[in-house]
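Written out below as structure tokens is the structure these notes cover.
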Amino acid sequence: MRGGREILSSVISSQIDLHAPFGGVVPELASREHLSKIEPVVKEALERASIGLKELDAIAVTQGPGLIGSLLVGVCYAKALAFALDKPFIGVNHIEGHVYSVAFENPPIVYPALALIVSGGHTNLFFIPEEGKYKVVARTRDDAAGEAFDKVAKMLALGYPGGPVVEKLALEGDAGKIKFPVAKISDGRPDFSFSGLKTAVARYVRENNIQPVLQNESVSQEIKDLCAGFQTTVIKSLIGTMGKLSREMQPETLIVAGGVACNMALRAAAQELAEKLQIPVYFPSKHLSTDNAAMIAAAGTFHLKRGEHSPLTMTADVSMRLQNFEVEDAELKRKKVRYRL
Ligand code: KG4
Ligand code: ZN
């Protein structure tokens, strides 16, 4: 990546086929696969970019949050490279990476911005008053949005990851047939909750005796309607909250990124909101929505420009947070607000 906005090469080694038989990521398999793939992936990225290791200005790596084994493979490899080459080393928050995934194919961001980062591991809405400053204004209390898609797909034996297949079936379903309510948090915070929705879908499946889809069997209209009803509720929750907070916080730009941002119905709803607010909304293209290294390099460039390097004693941080402005931890503790993620 050059200059923060230009991708010279992007190589992604997908582990989807490896984890699909288990219906979710198996941490031990993930880190072993990382270990065997990291070197060939780095080599290929340099080759495709026609760049030698010595020509790099700095090396950025995901520090956290995430699975410890996978994070450690990346951190140790990047550290060794930075040490051997004597180049700046920069640990990047994975979620900040997702924010920067919109840097490549969109105009420069005008701040303040409101960013919805939705993936299999996180669902956060950030207020970003200026580049590099983040306040979490809403987050999930339990499951991440992508996790809910994955769990619903697993219930119905639709395959892994759940998001793309649920989206495809929802296209042929009627969202008005099977309706689910949007969860409201009793303490009035604008947080999200998707575990109740997952349970409501499971109850519907049980009470209506819906059978998991067997291989090669066609999917019933009822399952398509169920997918449409579920997806609509997730989108209503995400975009409804984004709209409410936009009216309060008056951002100049909306950002929607993370794996779930691949979902075209979510994009359409965000686009509609942006038009109502008369501000732009930026999405990453699909291959930059799910996890990738280009977004980490883009966030790393921002820190490099500010002279923010990590020491070689830096290590992976599984629960790393992205919040450096108006942190409300003490207040949340006092009010006994609990978050799972
Ligand atoms: O960002 P990502 O690649 O990895 C994490 O950091 O979690 O996101 C993966 C998640 C999975 O839960 C997957 O089901 C979801 O993104 N996803 C989608 C779609 N494509 C991927 N969710 C809804 N609709 C999609 N089209
Ligand atoms: Zn991610």
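The values are calculated or read from the model by the stated rules, or taken from the named source; none is laboratory data. Please read all numbers here as calculations on a predicted model, not as lab measurements. No Cβ is skipped: glycine too gets one built from the backbone with ideal geometry, and neighbour counts run over all protein chains shown. Areas reflect the complete protein model, heavy atoms only, side chains present, ligands, DNA and RNA absent. Shrake-Rupley method; radii C 1.70, N 1.55, O 1.52, S 1.80 Å.
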In deg cm²/dmol and to the nearest 500, what is the mean residue ellipticity at 222 nm of the chain if only DSSP H runs of at least 4 residues count, each as -39500 (n - 2.57), divided by the residue total?
-14000 deg cm²/dmol
Normalise the Debye intensity by I(0) for the chain, one equal point scatterer per Cα, no solvent, then take log10 at q = 0.06, 0.14 Å⁻¹ and round to two decimals.
-0.22, -1.19
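With a sphere of radius 13 Å drawn around the Cβ of K286, what net charge do the other residues whose Cβ falls strictly inside it have (Lys, Arg +1; Asp, Glu -1)?
For residues surrounding K286, the net value is -2.
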Net charge near S101: determine it from the other residues with C-beta under 13 Å of the C-beta of S101, scoring Lys and Arg +1 and Asp and Glu -1.
-1
Placing unit charges on C-beta atoms (Lys and Arg positive, Asp and Glu negative, everything else neutral), compute the dipole magnitude of region 19-87 about its Cα centre in debye, rounded to 20.
40 debye
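Using a 10 Å cut-off on Cβ atoms, rank the peptides 31-41, 250-260, 115-125 from the highest mean neighbour count down.
Highest-to-lowest ranking by the protection proxy: 115-125, 250-260, 31-41.
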Just to be sure I understand: of the beta bridges DSSP finds with both ends in the chain, what percent are antiparallel, rounded to 5?
45 percent
Would you mind getting me the FRET efficiency between N216 and R5? Use the beta-carbon distance for r and R0 = 41 Å, nearest 0.05.
0.35
What whole-number value in Å² describes the accessible area per residue of region 222-341 for a 1.4 Å probe?
50 Å²
Taking 0.36 nm per residue of sequence separation and subtracting the Cα-Cα distance, how much length would be gained by fully extending the chain between R306 and K336, in nm to one decimal?
7.1 nm
Which value, in debye to the nearest 20, describes the size of the charge dipole of the chain about its Cα centre when Lys and Arg Cβ atoms bear +1, Asp and Glu Cβ atoms bear -1, and nothing else is charged?
780 debye
Out of the DSSP beta bridges found with both residues in region 108-243, what percent are antiparallel (nearest 5)?
90 percent
Let me have the relative contact order for the chain, percent, based on Cα pairs under 8 Å that are six or more residues apart.
26 percent
Treating the angle as unsigned and between 0 and 90°, give the value, to the nearest 10°, between the Cα long axis of helix 145-155 and the longest Cα principal axis of the chain.
50 degrees
Relative contact order, percent, of region 8-66 when contacts are C-alpha pairs under 8 Å separated by at least 6 residues?
42 percent
Additional length obtainable on full extension of the chain from R206 to C76, 0.36 nm per residue less Cα span:
42.2 nm
Using label points projected 7 Å from each Cα along Cα→Cβ, tell me how many nm separate T199 and K168, to one decimal.
3.2 nm
Pop out the carbon and sulfur fraction of the accessible area of the chain as a percent, whole number, probe 1.4 Å.
54 percent
Could you give the length gained by full extension between L35 and S285, i.e. 0.36 nm per residue of separation minus their alpha carbon distance, to one decimal place?
87.3 nm
Expressed per residue, the solvent accessible area of region 15-149 in Å² (1.4 Å probe) is about 42 Å²
